[in-house]
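Heads up: the structure comes next, in structure tokens.
The values are calculated or read from the model by the stated rules, or taken from the named source; none is laboratory data. Because the structure is a prediction, the values reported are computed rather than measured. No Cβ is skipped: glycine too gets one built from the backbone with ideal geometry, and neighbour counts run over all protein chains shown. We work out accessible area using only protein heavy atoms, side chains counted, and drop any ligands, DNA or RNA first. Shrake-Rupley method; radii C 1.70, N 1.55, O 1.52, S 1.80 Å.
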Amino acid sequence: MADQLFPVPPVKYGSLRVGGMTLEQSPFAETVSLGAFLGAGRDELVNRIHEMFGVILPEHPRAVHAADGRCTFLWNGPGQWLAIAVEGLGLLSRLREVCGDVCALTSQSDSRAILKLSGPNVREVASRLVPIDLHPRVFGKDHVASTLAGHIPVIIWQTEDAPTYLFLVFRSLAASLFHDFSVALNGLSYSETDSCV
Amino acid sequence: MSAAPAQIFRVRSGNGVDTSQTLHFSFDGKTYTGHPGDTLASALLAHGVRLFGRSFKYHRPRGLLSAGPEEPNALVELRDGARREPNTRVTVVELFDGLNASSQNRWPSLSFDALGMNGLFTSVLGAGFYYKTFMWPASFWEKLYEPMIRRAAGLGRAADEADPDLYEKSTAFCDVLVVGSGPAGLAAALAAGRSGARVILCEQDALPGGRLRDESATLDGKAGWQWAEQVRQELAGMPEVRVMTRTCVFGAYDGGTYGALERVADHVALPKDGQPRQRLWRIVARECVMATGAIERPVVFPNNDRPGVMLAGAVRTYLNRFGVSPGRKAVLYICNDDGLRTALDLRRAGVAIAAIVDSRPAGVGGGAQVASQCGAAFFPGGAIADCYGHSGVKAVLVRDASGKARSIACDLVAMSGGWSPNVALATHLGNRPVWHDDLCAFLPSTLPPGMVAAGAAAGVFDTAEALHDGAVAGQRAAVACGFAATLPVLPEAEPTRYAIRALFHALKGVPSAKKAKAFVDFQNDVTAKDVALAAREGFVSVEHLKRYTTLGMATDQGKTSNINALALLAEITERTIPQTGTTLIRPPVQPVAIEALAGPHRGTHFKPTRLPPTHQWAEEQGAVFTANGLWMRAQWFPRSGETDWLETVSREVRTVREAVGFCDVTTLGKIDIQGPDAAEFLNRIYVNAWLKLAVGRVRYGLMLREDGFAYDDGTTARLGENHYVMTTTTANAGGVMAHLEFCHQWLWPELDVQFISVTDEWAQIAVAGPKSRAVLEKIVDASFDLSNEAFPYMAAAELTVCGGVAARLFRLSFSGELAYELAVPARYGDALARLLMKVGEPFGIAPYGTEALGVLRIEKGHPAGPELNGQTTAHDLGMGRLLSTKKDFIGSRMAQRPALTDPARPTLIGIQPVNPEDMLVAGSHLLPQGASATATSDQGWLSSVAWSPSVGSWIGLGFLTNGPARKGEIVSVHNLLAGTIIAARIVDPVFVDPKGERLHG
Amino acid sequence: MRLTCPSCGSRGLEEFTYRGDASVRRPAADASEQAWVDYVYLRDNPCGRHQELWYHGAGCRSWLVVTRDTRTHEIFDVRNARDVALTERQTDAGQGEIA
Ligand SMILES: [Zn+2]
């Protein structure tokens, strides 16, 4: 009977390619939020994550990658992080063992869809919707930000130096965001302004 | 279509047009030719067209005053159909092949306008005519005055259909924003750009250069525009510099934020597929160099609005940039040496100069020399006393210094009252400009943080000085951003002299004595006499003057009129200009279309849509959807044969009451709450007690606002020792999250608790009805005991379903039936709906939508949004006893106020019409039977109503004074909108299963 | 207008919501009705510097204490409300010991 509950992706469209740029839905990832408890909880959390994953939880809006490369931690507010790993790693139960007593652990795997925007000029496309400065002097690889894309709250995460952005968006809003980015992509394909800034 | 007429006024090739290509366009149905680089103004002028429109109030023939965005007269309707754009200034319309424009505000045609006789009723249409003439009786306004005025005085017609084009919004960041690409702007961009700073240069025109394109003066011995092109090339090669042409910076806002409008595809017939027509930019800049240039002032003299009377600088623009002469024989009317350039440029183009009228006394300025060079009569200390020619200038009456007047034939008057620095951006945040007598101009004094004015915008009119001023401003701005900037080597410019003497009008004595109209505001048809009249009637504040005469309040916002009006008012009231005042300029600098402000957020994309996990499945089922906040929810699921929504909804309700139904309730806000102090936190948030809730149990909770009124409600389940999951109403989900964060971070930071939204994490589906347990038994894994004993009403559990999928089950009921809410990870929500349909089929399962959900909860007397409307208390909702007296919680203190617990307050009741078929309408008022429909008799209202298939009657929930004590009483239900009154009985709000036996079955 | 969130950096106004005066303090449960009425309803409307609460709802979800000039919108200071509240509690506790 298990096969009767099959997963359905948040956005029904496939990927969209415009002017060498691609907008696509990333595969399902296991995502867990970590919220440090008071007192010694926060230091203890940092220590244990360091021991187990070989990485220091960031104090600023950044992403850091576990030593084994199988898990990434994103800053998600003061004392809060998102751990992201590929499906099948049992991330939530692993984290419960490591630090379940010093922080709140909550599955966010289904809360967020991840839209990936890659190719030339994606910074310009992103600037149509995202109101923060994405210039390389300000925002680079593994920088993350909780902000808006148009009217939609997103976490933007730059994963490559040649900008590739992941947008973590609430699942229910993913189709709207996909639409908004498709409009921006189509608009840019005819842009006549210098696209350097 | 006849052959296009020749461009007989195209006297040479201009620096901004490409005469090797020919474009065709039409104006008022007639075909003309022009060239790439032309504006609609220059192309029509090349054909000798002088009449462009009729004035707003008096329908006077009007031609071009200017060559730029300040144009008050020459407004047309551009394009047609859904793209028709009224009040478009021909001076900023770039010509494209196939362009189609028509004049506006004329009837029946431009050359013969029947309403031109408005000019004969000047006394009626003078200053304040709206306030004086049409005051009484009031009914005349709608029926007579308004339509008459609209017919007689109006501007263009907006398109009747929705705009078919796309609009975008974008955000840009830079170190240095340079506004304007004249000499100062280019030098600033160069200085800042070479330092490596991130620079954005915005130019509202299609071409960079500003006045460098308009003047014949040279830089380093070459045409000025060539230097502009060279700088543009260099800037284009800098990786951190962005040059944005056709982009007007229209507003300065707090925090170094600027609004700009990029006209992406206004200059072509149609945008390409997917291309936006315009793009609204928000530019965040650390520093800003305002190099916006200056706008030339007209001179106020009788009949100064005749077609052919133009600004001197505009004449030079048409000559030098477009190669078009606006006339054959010119008279200059000037008060400064800058205007004299016009004579020399006209002379070089072969245009005769009949006279130079220089308001300055003999010996001041270079007028005499230029006049002799051009062979023109020279009138130092002179004035133009009148202007003749109905639809175009034929002659002017020149009064010399001795007062002697003579008529001089001409077809062009080039006037210059001096230049007004374009300081708008500097004043948007409330910084008042200061009057400088020596320049006869307002200059910025204090500027918004990070902004500096340069070049003509700062009163630096000499080209060499403007270049230097701009370079210094650009360098300093870059240095302020931490870049090592140096001054660029600048080209040599010919020295110029300005030597201005104030000239605002040529009206001797008090202007009201003159009979002929001397226009101050061309677009709103405000004359010098109107200003005098307003002053005489006591409107001596410039702000009052503007509102009384409408001066400066047309679409051009008084760019060419404000200062002349101020000067006139000062003179009439015998004050100086600084004593008389100034007016702050508000954004936008140029008109911005509402579509551009909306950007892509139009129509169904006005706001984003949230789709629950079962949306696609519901679509396949043919569901009818409704918006619930941002959420799109299934409202009901029609079946073939059902004739109306009520039939469908009643069937869905019966299915739940008699068998089993299911409904996606994912949209309820879900908040995961964890931490050692989670219980204590809930205890302070909710009115009722939470410390003793057992693991695996759910409790209803009510939240108040701090003022004691009800805020939100929902259930919270305890999943573990320190782990709770709260539900909120769909509408308040975001608000409750912010409220919890506020209480935690600001009120009680010592509480150890963490929250995160899990609304999207779980697909939550209510399965309700006597057969719901039987259906769930097919889904939950066998190890879980669903029996009433093991999993009673208000139980909660984490379990697995369908062979190992993690899920949560809550035994909750909004319908009053045996019911559950099953939550699975959202990716399985779609499949769960399909599975429920399949396994529920033998039990007669059916999906139900929000409408049936509403009926079910009204039948059960559960308050929802209409009851928790922000004006009701726990007591009003019949939940006064929930309020704990043993603890402090949000709203606890204020809820105890006597007025909030007064039993006479309208309190929740059920209501049932005496005749079951009488339809109840929410919002109706409840009055005692027989009482007159007055506010004093009003005793309450109906909040929610439904046709109840279970009761077989219309039923409602409402609030009634002393409600619970009045059960059985018959009251009058007044629907004031429909004018109906029906009799209805007050009953218990629980219509179905009042003892709650079904819940516990 | 822009605010610099201590966690997220400089952001536009659209990411924030305004709540109001940050100088008022929630009274004790048994405080007088007048104290409660003051807390819930009474606000000064100063011309000049004003401490106020903002919520970075579209960002890190931090409540912030912002010091702003109500005339010019100049922002003098932005701090995490939680830090401000915790510091106040420590100060209050310290004073209690001295007393
Ligand atoms: Zn923040």
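Mind checking which strands (runs of 3 or more DSSP E) fall wholly inside segment C:15-90 and carry at least 1 residues that are within 16 Å of the ligand (Cβ to nearest atom), open to solvent by 40 Å² or more (accessible area, probe 1.4 Å) and aliphatic (A, V, I, L, M)? Outline the logic, then answer.
Values: elements: C:17-21, C:49-55, C:63-69, C:75-80.
Of the strands (runs of 3 or more DSSP E) lying wholly inside segment C:15-90, those with at least 1 residues that are within 16 Å of the ligand (Cβ to nearest atom), open to solvent by 40 Å² or more (accessible area, probe 1.4 Å) and aliphatic (A, V, I, L, M) span C:75-80.
In this structure, does B:Pro600 turn out to be surrounded by 22 or more Cβ atoms within 10 Å (Cβ to Cβ), under 18 Å from A:Ser176 (Cβ atoms) and not assigned by TED's automatic domain parsing to the domain that holds B:Glu85? Answer is no for this residue.
Matching residues to (1) surrounded by fewer than 17 Cβ atoms within 10 Å (Cβ to Cβ); (2) over 45 Å from the mean Cα position of the chain (by Cα); (3) among the charged types (D, E, K, R); (4) within 25 Å of B:Leu856 (Cβ to Cβ):
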| site | (1), (2), (3), (4) |
| --- | --- |
| B:Gly910 | no, no, no, yes |
| B:Gln929 | yes, yes, no, no |
| B:Leu942 | no, no, no, yes |
| B:Leu957 | no, no, no, yes |
| B:Arg966 | no, yes, yes, no |
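Considering (1) on the phi > 0 side of the Ramachandran plot; (2) open to solvent by 10 Å² or more (accessible area, probe 1.4 Å), the lone condition that A:Asn47 does not fulfil carries the number (1).
Checking the condition assigned to a loop (DSSP other than H, G, I, E, B), surrounded by 18 or more Cβ atoms within 10 Å (Cβ to Cβ) and free of Cβ contacts under 8 Å to residues at least 60 places away in the same chain, which residue from B:Asn105, B:Asn73 passes? Give the derivation first.
Working: B:Asn73 fails: free of Cβ contacts under 8 Å to residues at least 60 places away in the same chain.
Just one listed residue meets the conditions, B:Asn105.
If we keep just the residues of segment A:31-40 that are more than 27 Å from A:Leu168 (Cα to Cα) and either surrounded by 16 or more Cβ atoms within 10 Å (Cβ to Cβ) or without any contact (Cβ under 8 Å) to a residue 24 or more places away in the chain (or both), which is farthest from the other protein chains (Cβ to nearest Cβ)? Ranking the candidates gives A:Gly39 first.
B:Glu859 passes every criterion in (1) within 13 Å of chain A (Cβ to nearest Cβ); (2) surrounded by 24 or more Cβ atoms within 10 Å (Cβ to Cβ); (3) in contact with a Phe, Trp or Tyr (Cβ under 8 Å, 6 or more places away or on another chain) apart from (1). Where strands (runs of 3 or more DSSP E) fall wholly inside segment A:134-192, the ranges with 2 or more residues that are more than 9 Å from every other protein chain (Cβ to nearest Cβ) and more than 27 Å from B:Lys272 (Cα to Cα) are A:152-160, A:164-170.
The single condition among (1) among the charged types (D, E, K, R); (2) over 28 Å from the mean Cα position of the chain (by Cα); (3) modelled with pLDDT of 95 or more that B:Glu94 does not meet is (2). Within segment A:140-158, being without any contact (Cβ under 8 Å) to a residue 24 or more places away in the chain and either open to solvent by 20 Å² or more (accessible area, probe 1.4 Å) or within 15 Å of the ligand (Cβ to nearest atom) (or both) holds for A:Lys141, A:Thr147, A:Leu148, A:His151, A:Pro153. Would you say B:Ala197 is touching a residue at least 12 places away in the same chain (Cβ under 8 Å), touching a Cys at 6+ places or on another chain (Cβ under 9 Å), in a loop (DSSP other than H, G, I, E, B) and not polar (S, T, N, Q)? Against the criterion (touching a residue at least 12 places away in the same chain (Cβ under 8 Å), touching a Cys at 6+ places or on another chain (Cβ under 9 Å), in a loop (DSSP other than H, G, I, E, B) and not polar (S, T, N, Q)), B:Ala197 qualifies. Please state which of the following conditions B:Ala782 fails to meet, knowing it meets all the rest: (1) assigned to a strand (DSSP E or B); (2) surrounded by fewer than 21 Cβ atoms within 10 Å (Cβ to Cβ); (3) within 14 Å of chain A (Cβ to nearest Cβ). Of (1) assigned to a strand (DSSP E or B); (2) surrounded by fewer than 21 Cβ atoms within 10 Å (Cβ to Cβ); (3) within 14 Å of chain A (Cβ to nearest Cβ), only one is false for B:Ala782: (1). Within segment B:787-823, if we keep just the residues that are in a loop (DSSP other than H, G, I, E, B) and hydrophobic (A, V, I, L, M, F, W, C), the residue that is most open to solvent (accessible area, probe 1.4 Å) turns out to be B:Phe814. Evaluating C:Met1 against the criteria (1) more than 10 Å from chain B (Cβ to nearest Cβ); (2) within 16 Å of the ligand (Cβ to nearest atom); (3) open to solvent by 20 Å² or more (accessible area, probe 1.4 Å) leaves one unmet condition, (1). The residue of segment B:473-512 that is surrounded by the fewest Cβ atoms within 10 Å (Cβ to Cβ), among those that are over 20 Å from B:Cys174 (Cβ atoms) and β-branched (Val, Ile, Thr), is B:Val489.
In segment B:931-948 there is at least one residue matching the filter, namely being in the same structural domain as B:Asn975 (by TED's automatic domain parsing), at pLDDT 95 or above, in contact with a Ser or Thr (Cβ under 8 Å, 6 or more places away or on another chain) and not hydrophobic (A, V, I, L, M, F, W, C). Conditions first: (1) more than 8 Å from chain B (Cβ to nearest Cβ); (2) within 19 Å of A:Pro58 (Cβ to Cβ). A:Ser118 passes all but one, so which condition is the exception? The one condition A:Ser118 does not meet is (2). Taking every residue in segment B:704-715 that is assigned by TED's automatic domain parsing to the domain that holds B:Val687 and under 17 Å from B:Thr907 (Cα atoms) and pairing it with any residue that is crowded, with 21+ Cβ neighbours inside 10 Å and of a type in the set (Phe, Trp, Tyr), at least 6 positions away or on another chain, the pairs with Cβ-Cβ distances below 7 Å are B:Leu704/B:Tyr711.
Across segment B:687-726, the qualifying residues are those that are open to solvent by less than 20 Å² (accessible area, probe 1.4 Å) and among the polar types (S, T, N, Q), and the one among them that is farthest from the chain's Cα centre (by Cα) is B:Asn688.
Of all the criteria given as (1) open to solvent by less than 10 Å² (accessible area, probe 1.4 Å); (2) within 14 Å of another protein chain (Cβ to nearest Cβ), the one not satisfied by B:Leu270 is (1). Within segment B:862-882, is there a residue that is over 15 Å from B:Ala983 (Cβ atoms) and of a type in the set (Ser, Thr, Tyr)? Yes - at least one qualifying residue is present in segment B:862-882.
Just to be sure I understand, how many residues within segment B:174-219 are among the aliphatic types (A, V, I, L, M), within 30 Å of B:Ala349 (Cβ to Cβ) and open to solvent by less than 10 Å² (accessible area, probe 1.4 Å)?
Initial filter on segment B:174-219 (among the aliphatic types (A, V, I, L, M)): B:176-179, B:184, B:186-192, B:197, B:199-201, B:206-207, B:212, B:217, B:219.
From what's left, within 30 Å of B:Ala349 (Cβ to Cβ): B:184, B:186-187, B:206-207, B:212, B:217, B:219.
Those still in the list that are open to solvent by less than 10 Å² (accessible area, probe 1.4 Å) too: B:184, B:186-187, B:219.
Qualifying residue count for the region: 4.
Taking the listed residues B:Phe681, B:Phe742, the one that is surrounded by fewer than 19 Cβ atoms within 10 Å (Cβ to Cβ) and away from chain A (no Cβ under 11 Å) is B:Phe742, with no other qualifying. Flag not set for B:Leu186, criterion: touching a Leu at 6+ places or on another chain (Cβ under 7 Å) and among the aliphatic types (A, V, I, L, M).
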